[in-house]
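Student: The structure under discussion is supplied below as structure tokens; questions concerning it will follow.
The values are calculated or read from the model by the stated rules, or taken from the named source; none is laboratory data. Keep in mind the model is a prediction, meaning the values are calculated, not measured. All Cβ positions, even for glycine, are placed from backbone atoms using ideal geometry, and neighbour counts span all protein chains on display.
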Amino acid sequence: MFSPMQREFLDNANKRWNIKYGATRSGKTYLDYYVIPKRIRNVIDKPGLVAILGNTKGTLQRNIIEPLQNIWGHGLVSDISSDNTAYLFGQKCYCLGADNAKHVNKIRGPSFKYCYGDEVATWNQEVFEMLKSRLDKSYSKFDGTCNPEGPNHWFKKFLESNADIYQQKYTLYDNPFLDQKVLHELEIEYSGTVFFDRYILGDWKAAQGTIYMLFADKTEQFLIDYIKEKLMLVTIGIDYGAGKSKIKFVVTGITYNFQNVYILDEKDLTGVYDPEQIYEEFIKFYQKVFDKYDMCQYAFADYGALGNVITLGLIRRCQKERLPIQIVDCKKGLINDRIFLTSKLMAQKRLWILRKNQIIIKALQDALWNDKKPDERLDDGTTDIDSLDAFEYSINSFYEHLINARR
């Protein structure tokens, strides 16, 4: 069973470039679990390589390989091996992350008879430019999907070019198989954010103004005086403020099954330069948190030339004090992915802040998009980016769990 949009693609998508963009959960990628085997088998005996490119190798395994295996079986679809290849429908395929320019070197030289692209708008543009020169057979084809970004994104400009392109725009309402309850929940998740225009309506929409509009307009709805739930994890996010002596600690509690997130405490060390003083302040802060919640398993620290040195010293000091906490480098990821996670938690009423934490409250209220640089958070010293970073570091290692907790 295919939707009218999917059927239209099956009937008409025979250009060199065949692109589906638009809403999440609209059926764009699901269709490709049937398109990919068809394309590969059509060129099985012809010269050229087959490639599947995605944001990272991990997202390829999760978004493409595993769903293909669920439909067609492991006999026809293997896992991605250590040499970044997999066997799909009798054909060796190169499976590469396209998020970094260094991956361009992996596709230099050979011609591609077929390439599938997942999350194309997240790719490094240089990888895409190299790919264009390698689809050089008369029968070469590319199938790709993406969610829209800003209106000046390089991939949108490609879609508006005179290249040999078949393209479709999907809205969330183009999926007749989507449960109406799920549809309604998705509408709520993205309401009041730029992600509604992109991930529900499928538009290439600019990110402008206040980032967390829902929070800024209805702050009181997110504030609490005490926690009613039992916590599974308590973590500390540490941001060193890029050497500007704006060190921030933000404590986050996560409930069982990653259902809810609580911002529990915060510490601002503005003006502190001496590493030994930083260690003393952290230990006092940690002990305060541990005494309050009877746990504090992790500290996720900023990294970089300065951060690495301070963190190493902090680890040694905590070991000397025999404190039961793991201090590790934070998982930064893309800033816009971190913004998306926070927006989703807010929209789903899963993010709560203890009222006393006025620094992070103001930071979330004041967060702005940069009107001079599309899709970039403003970071010119006029808003408290350091507190936002510290909070995001405290939860970003659990990104996938938090995103998928209610699916």
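Student: What helices (runs of 4 or more DSSP H), lying completely within segment 1-65, carry at least 2 residues that are modelled with pLDDT of 95 or more and farther than 28 Å from residue 187 by Cβ? It would help to see each step written out before you state the result.
Tutor: Working: elements: 4-12, 28-42, 57-60.
By residue number, 4-12, 28-42.
Student: Given the conditions (1) assigned to a strand (DSSP E or B); (2) in contact with an Asp or Glu (Cβ under 9 Å, 6 or more places away or on another chain), report the number of the one that residue 233 does not fulfil.
Tutor: (2)
Student: Another question, then. Residue under question is residue 340, and the condition is that it be crowded, with 17+ Cβ neighbours inside 10 Å, touching a Gly at 6+ places or on another chain (Cβ under 9 Å) and of a type outside the set (Asp, Glu); does it hold?
Tutor: no
Student: Select from segment 25-41 the residues that are over 22 Å from the mean Cα position of the chain (by Cα) and in contact (Cβ under 8 Å) with a residue 60 or more places away in the chain and list them in ascending order.
Tutor: Within segment 25-41, 35, 36, 39, 40 qualify.
Student: Which condition does residue 47 not pass, out of (1) buried (at least 16 other Cβ atoms within 10 Å of the Cβ); (2) in contact (Cβ under 8 Å) with a residue 12 or more places away in the chain, if it passes all the others?
Tutor: Answer for residue 47: the failing condition is (1).
Student: Among 105, 70, 100, which is surrounded by fewer than 22 Cβ atoms within 10 Å (Cβ to Cβ) and modelled with pLDDT of 95 or more?
Tutor: Numbers: 105 fails: modelled with pLDDT of 95 or more; 100 fails: modelled with pLDDT of 95 or more.
It is 70.
Student: Taking segment 155-189 only, how many residues are under 24 Å from the mean Cα position of the chain (by Cα), under 21 Å from residue 54 (Cα atoms) and surrounded by 13 or more Cβ atoms within 10 Å (Cβ to Cβ)?
Tutor: So the count comes out to 7.
Student: Within segment 141-152, can one find any residue that is closer than 30 Å to residue 100 by Cα, in contact (Cβ under 8 Å) with a residue 40 or more places away in the chain and over 23 Å from the mean Cα position of the chain (by Cα)?
Tutor: To start, the set of residues in segment 141-152 that are closer than 30 Å to residue 100 by Cα comprises 141-152.
From the residues that got through so far, the ones that are in contact (Cβ under 8 Å) with a residue 40 or more places away in the chain too are 141-152.
Filter once more, so that each one left must be over 23 Å from the mean Cα position of the chain (by Cα): 141-142.
Yes, segment 141-152 contains at least one residue that is closer than 30 Å to residue 100 by Cα, in contact (Cβ under 8 Å) with a residue 40 or more places away in the chain and over 23 Å from the mean Cα position of the chain (by Cα).
Student: Could I ask something else about it? Tell me, which helices (runs of 4 or more DSSP H) lie completely within segment 311-407 with 2 or more residues that are under 16 Å from the mean Cα position of the chain (by Cα) and of a type in the set (D, E, K, R)? Give the derivation first.
Tutor: Details: elements: 335-347, 358-366, 385-396, 399-404.
By residue number, 335-347, 385-396.
Student: Would it be correct to say that residue 380 is without any contact (Cβ under 8 Å) to a residue 24 or more places away in the chain, acidic (Asp, Glu) and outside the structural domain of residue 148 (by TED's automatic domain parsing)?
Tutor: On the way: without any contact (Cβ under 8 Å) to a residue 24 or more places away in the chain: yes; acidic (Asp, Glu): yes; outside the structural domain of residue 148 (by TED's automatic domain parsing): yes.
Yes, satisfied.
Student: Please count how many residues of segment 204-228 are exposed (fewer than 13 other Cβ atoms within 10 Å of the Cβ) and assigned to a helix (DSSP H, G or I).
Tutor: Adding up the residues that qualify gives 3.
Student: Among (1) within 23 Å of residue 5 (Cα to Cα); (2) in contact with an Asp or Glu (Cβ under 8 Å, 6 or more places away or on another chain), which single condition is residue 124 missing?
Tutor: Of (1) within 23 Å of residue 5 (Cα to Cα); (2) in contact with an Asp or Glu (Cβ under 8 Å, 6 or more places away or on another chain), only one is false for residue 124: (1).
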